[in-house]
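Trainee: Let me begin by handing over the structure; questions about it come next.
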Amino acid sequence: MDDSYKPSDEQLAEWYKNTTYQLYKPDISLRIGQHSPNLDAFLRSKDVTSFVFITAWNPGSVRLSPNENAERQLKLFQELMDAGFHPLPGAGVPDDDSWQEEKSFLVPGMDKESGIHYAKKVEQKAIVYGEIGGEPELIFV
């Protein structure tokens, strides 16, 4: 895909829904609209009931260089840590190989409003939010 191409929100929603949101340790894969008992067990082990999956990569769904993305991701990590969260590394892995994998964080215990706040701060179009017993949902910000 041409780096200057700007997909519509409808196209982005399709891509985001056709992505696996992968937590590295523990190894848990999430999909929009699909309940994950493994994630529920993990959240219970952390004594939290919700999570946000977020990235600082490619703000506004515009591709940046690997170095720019790494710098943005490190800054987001530090801000989340400073706020008392414990972000865990993962990635958004698209089914469509015309879009690159995006390094991301699963943030246990983060509520939807905080997720939206941080997404806006790092110029993202959406987050994945979920609660124990529910299905991960795509939230446009």
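The values are calculated or read from the model by the stated rules, or taken from the named source; none is laboratory data. Note that the structure is predicted; figures quoted are calculated from it, not measured. Don't worry about glycine lacking a Cβ; one is built from the backbone with ideal geometry, like all the others, and counts go over all protein chains shown.
Trainee: Looking at segment 41-50, is at least one residue of a type in the set (D, E, K, R), surrounded by 11 or more Cβ atoms within 10 Å (Cβ to Cβ) and closer than 23 Å to Gln78 by Cβ?
Mentor: To start, the set of residues in segment 41-50 that are of a type in the set (D, E, K, R) comprises 44, 46-47.
After this cut, where a residue has to be surrounded by 11 or more Cβ atoms within 10 Å (Cβ to Cβ) as well, the list is 44, 46.
Keeping just the survivors that are closer than 23 Å to Gln78 by Cβ gives 46.
The answer is yes; a qualifying residue exists.
Trainee: Sort through Val52, Val93, Val48, Val62 and tell me the only one that's under 16 Å from the mean Cα position of the chain (by Cα) and under 16 Å from Ile132 (Cα atoms).
Mentor: On the way: Val93 fails: under 16 Å from Ile132 (Cα atoms); Val48 fails: under 16 Å from the mean Cα position of the chain (by Cα); Val62 fails: under 16 Å from Ile132 (Cα atoms).
Residue meeting the stated conditions: Val52.
Trainee: Is it true that Leu64 is touching a Phe, Trp or Tyr at 6+ places or on another chain (Cβ under 9 Å) and in contact (Cβ under 8 Å) with a residue 12 or more places away in the chain?
Mentor: On the way: touching a Phe, Trp or Tyr at 6+ places or on another chain (Cβ under 9 Å): yes; in contact (Cβ under 8 Å) with a residue 12 or more places away in the chain: no.
No; evaluated as a whole, the condition is false for this residue.
Trainee: Also: Go through (1) loosely packed, with under 13 Cβ neighbours inside 10 Å; (2) over 13 Å from Ser104 (Cα atoms) for Arg31 and report which single condition fails.
Mentor: For Arg31, the exception is condition (1).
Trainee: Further question: Leu30: at pLDDT 95 or above, under 15 Å from Pro136 (Cα atoms), assigned to a helix (DSSP H, G or I) and not hydroxyl-bearing (Ser, Thr, Tyr), yes or no? So that I can check it myself, show each step before the final result.
Mentor: Values: at pLDDT 95 or above: yes; under 15 Å from Pro136 (Cα atoms): yes; assigned to a helix (DSSP H, G or I): no; not hydroxyl-bearing (Ser, Thr, Tyr): yes.
No.
Trainee: Here's a follow-up. Give me a count of the residues in segment 67-102 that are without any contact (Cβ under 8 Å) to a residue 60 or more places away in the chain and hydrophobic (A, V, I, L, M, F, W, C). Give the steps one after another, and end with the answer.
Mentor: Within segment 67-102, the subset without any contact (Cβ under 8 Å) to a residue 60 or more places away in the chain is 67-87, 97, 100-102.
If we keep only those that are hydrophobic (A, V, I, L, M, F, W, C) too, we end up with 70, 74, 76-77, 80-81, 83, 85.
Qualifying residue count, segment 67-102: 8.
Trainee: Now for a separate question. Can you find even one residue in segment 6-20 that is within 11 Å of the chain's Cα centre (by Cα), surrounded by 16 or more Cβ atoms within 10 Å (Cβ to Cβ), under 17 Å from Phe140 (Cα atoms) and not polar (S, T, N, Q)?
Mentor: Scanning segment 6-20, I find at least one residue that is within 11 Å of the chain's Cα centre (by Cα), surrounded by 16 or more Cβ atoms within 10 Å (Cβ to Cβ), under 17 Å from Phe140 (Cα atoms) and not polar (S, T, N, Q), so the answer is yes.
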